[in-house]
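**Student:** First the structure, then my questions, so here it is.
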Amino acid sequence: MVDFKGELTMERRKFIKGAGVAGVAAGAVAASSFPKPAISQGRKEWSMVTTWPKNFPGLGTGAEIVADYITRMSGGRLSVKVYGAGEIVPAFESIDAVGSGTVEMGHGAPYYWKGKVPASQYLAAMPFGMTAQEQNAWYQYGGGQEIADEIYAEMNCKFFPSGNTGVQMGGWFNKEINGVDDFKGLKMRMPGLGGEVIKAAGATVVNLPGGELLAAMQTGAIDAMEWVGPYNDLAFGIYKVAKYYYYPGWHEPATTLENFINLDAWNSLDDELKTIVQAANTVANQLVLSEFMARNNDSLQKLVNEHNVDVRPYPDDLLQELGRISGELMTEFMSQDPLSKKVGTSIVNFRKGALEWTKLSEQTFTAARSLPFKYVQL
Ligand code: CA
């Protein structure tokens, strides 16, 4: 399979080499050695802080894709440098760093900012909400982008969807989860609205940045955690600290990652650069999802065959109960502030139609595909 990250790196090398031939590289070098602002040359240099460890697979590559595409598509008129969590600010201070203008851009997941603007968490995922394709359709054709911008304006930021994980896994545990009672007293890392659901089921929800999670599992500060899916979870090494790996990720059926941009910095861009930034995010949004699709199964096989992980489905009656709790909680949360009401109502309405179509298209097709007929034998 194509390694998008490797490809980008190579393309970038080609770009820099090609530019050198054209005599532009000297200018680029000079620009980077000048103290900011280098705007007098018509070039801008932006910094992007992230909530991810530097070069973290899947999640972190979304940030790299955005930065790389913006820099290349603009011919270096706008260049973006990515900083991992903690390099400039701690992960969870990224939105403040961008909103206040300390840096121009950030990359993360919208539910991290629920303490600032509760409505932001609906933009990541709703428990039992939408698939990746449905969620992207909502952003692009269902009014999602406009509502997201309204929510992020509260934090002085412009918003772009910038990657999607697809359906996540349900989480890592060191005990069996057979019913909703097994969540009682469990200290579990689960962000966003899903975390609220297991809290209602009796769990204690602990939210920590990714970089601190394994140590917390080892010290017993948390009993269980969810992160993303096989690709990220294998790379992260979570199998070293937990035995059972449950599915599906009802709490994050298709989490949208985000690129947030300081509003003043965004407004300072001309139309061409704005279009480039938007396009770079559209690319990242698709490539991240494709990367997860391409990598998850191989990673799952490694987890099972090399690391003896016990992969299990959540029982249907547990999912039914979590679904019921989700419905009640979302109804309550959506009534708590006008923006939550607006975004939640829009998603729930869109989900209704999407669910009907998906039910007789993707759902019946994937079921048909799984019938036990003999397919092409290789
Ligand atoms: Ca997750």
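**Student:** In segment 115-132, is there at least one residue being open to solvent by 20 Å² or more (accessible area, probe 1.4 Å), part of a helix (DSSP H, G or I) and out of contact with any His (no Cβ under 6 Å at 6 or more places or on another chain)?
**Tutor:** No, because not a single residue in segment 115-132 is open to solvent by 20 Å² or more (accessible area, probe 1.4 Å), part of a helix (DSSP H, G or I) and out of contact with any His (no Cβ under 6 Å at 6 or more places or on another chain).
**Student:** Still on this structure: Applying the selection to segment 144-162, what residues are open to solvent by less than 30 Å² (accessible area, probe 1.4 Å) and more than 23 Å from Val103 (Cα to Cα)?
**Tutor:** Correct list: Gly144, Ile147.
**Student:** Just give me the residues in segment 198-237 being more than 13 Å from the ligand (Cβ to nearest atom) and closer than 21 Å to Gly323 by Cβ, in sequence order.
**Tutor:** Across segment 198-237, the qualifying residues are Lys199, Ala200, Ala201, Gly202, Ala203.
**Student:** Take Ser162 and decide whether it is modelled with pLDDT of 95 or more and in contact with a His (Cβ under 7 Å, 6 or more places away or on another chain).
**Tutor:** Answer is yes for this residue.
**Student:** Just checking, which of Ala215, Ala284 is open to solvent by less than 10 Å² (accessible area, probe 1.4 Å) and assigned to a helix (DSSP H, G or I)?
**Tutor:** Matching residue, one of Ala215, Ala284: Ala284.
**Student:** In segment 231-254, which residues are open to solvent by 10 Å² or more (accessible area, probe 1.4 Å) and either within 15 Å of Asn296 (Cα to Cα) or in a helix (DSSP H, G or I) (or both)?
**Tutor:** Result: Tyr231, Leu234, Ala235, Phe236, Tyr239, Lys240, Tyr247, Pro248, Pro253.
**Student:** Right, next: Do you know which residues across segment 68-113 are farther than 19 Å from Ala280 by Cα, part of a loop (DSSP other than H, G, I, E, B) and of a type in the set (S, T, N, Q)?
**Tutor:** Within segment 68-113, Ser100, Thr102 qualify.
**Student:** Also, quick follow-up: State which residue pairs qualify: first residue touching a residue at least 40 places away in the same chain (Cβ under 8 Å) and of a type in the set (S, T, N, Q) and inside segment 223-235, second residue assigned to a helix (DSSP H, G or I) and open to solvent by less than 10 Å² (accessible area, probe 1.4 Å) in any location, beta carbons under 8 Å apart, and separation of 6 or more residues or different chains.
**Tutor:** Pairs that qualify, where the first residue is touching a residue at least 40 places away in the same chain (Cβ under 8 Å) and of a type in the set (S, T, N, Q) and the partner is assigned to a helix (DSSP H, G or I) and open to solvent by less than 10 Å² (accessible area, probe 1.4 Å), are Asn232/Leu59.
**Student:** Here's a follow-up. Which condition breaks for Leu257 when tested against (1) in contact with a Phe, Trp or Tyr (Cβ under 8 Å, 6 or more places away or on another chain); (2) open to solvent by less than 20 Å² (accessible area, probe 1.4 Å); (3) within 15 Å of the ligand (Cβ to nearest atom)?
**Tutor:** If we test Leu257 against (1) in contact with a Phe, Trp or Tyr (Cβ under 8 Å, 6 or more places away or on another chain); (2) open to solvent by less than 20 Å² (accessible area, probe 1.4 Å); (3) within 15 Å of the ligand (Cβ to nearest atom), just (1) comes out false.
**Student:** Considering only residues that are part of a loop (DSSP other than H, G, I, E, B) and open to solvent by less than 90 Å² (accessible area, probe 1.4 Å), which ones fall in segment 329-369?
**Tutor:** Result: Ser335, Asp337, Ser361.
**Student:** I've got another one for you. From Ala224, Ala235, Ala216, grab the single residue that is touching a Gly at 6+ places or on another chain (Cβ under 7 Å) and small (Gly, Ala, Ser).
**Tutor:** Checking each option against the conditions leaves just Ala224.
**Student:** I need every pair where a residue in segment 303-325 that is within 13 Å of Glu176 (Cβ to Cβ) has its Cβ under 6 Å from the Cβ of a residue that is part of a loop (DSSP other than H, G, I, E, B) and open to solvent by less than 30 Å² (accessible area, probe 1.4 Å), sequence separation at least 6 or different chains.
**Tutor:** Pairs found: Tyr314/Gly170; Leu318/Gly179.
**Student:** Filter segment 163-197 for residues that are open to solvent by less than 10 Å² (accessible area, probe 1.4 Å), within 12 Å of the ligand (Cβ to nearest atom) and among the hydrophobic types (A, V, I, L, M, F, W, C) and give the result.
**Tutor:** Correct list: Trp172, Met188, Met190, Leu193.
**Student:** If you don't mind, there's one more thing I want to ask. Give me the pairs: first residue in segment 184-211 and free of Cβ contacts under 8 Å to residues at least 12 places away in the same chain, second residue open to solvent by 30 Å² or more (accessible area, probe 1.4 Å), beta-carbon distance under 9 Å, and six or more apart or on different chains, which are they?
**Tutor:** From segment 184-211, the pairs are Lys199/Val205.
**Student:** Which residue, of Phe365, Phe333, is of a type in the set (Phe, Trp, Tyr) and either over 22 Å from Phe128 (Cβ atoms) or in contact (Cβ under 8 Å) with a residue 12 or more places away in the chain (or both)?
**Tutor:** Step by step, each of Phe365, Phe333 is checked, and only Phe333 is of a type in the set (Phe, Trp, Tyr) and either over 22 Å from Phe128 (Cβ atoms) or in contact (Cβ under 8 Å) with a residue 12 or more places away in the chain (or both).
**Student:** Right, another one. Being open to solvent by 50 Å² or more (accessible area, probe 1.4 Å), part of a loop (DSSP other than H, G, I, E, B) and at pLDDT 95 or above is the requirement here; does Glu45 meet it?
**Tutor:** It is false that Glu45 is open to solvent by 50 Å² or more (accessible area, probe 1.4 Å), part of a loop (DSSP other than H, G, I, E, B) and at pLDDT 95 or above.
The values are calculated or read from the model by the stated rules, or taken from the named source; none is laboratory data. Just so you know, these numbers come straight off a predicted model, no measurement behind them. Ideal geometry is used to build each Cβ from the backbone, glycine not excepted, and the neighbour counts take in all protein chains shown. Surface accessibility is based on the protein's heavy atoms, side chains included, excluding ligands, DNA and RNA. Shrake-Rupley method; radii C 1.70, N 1.55, O 1.52, S 1.80 Å.
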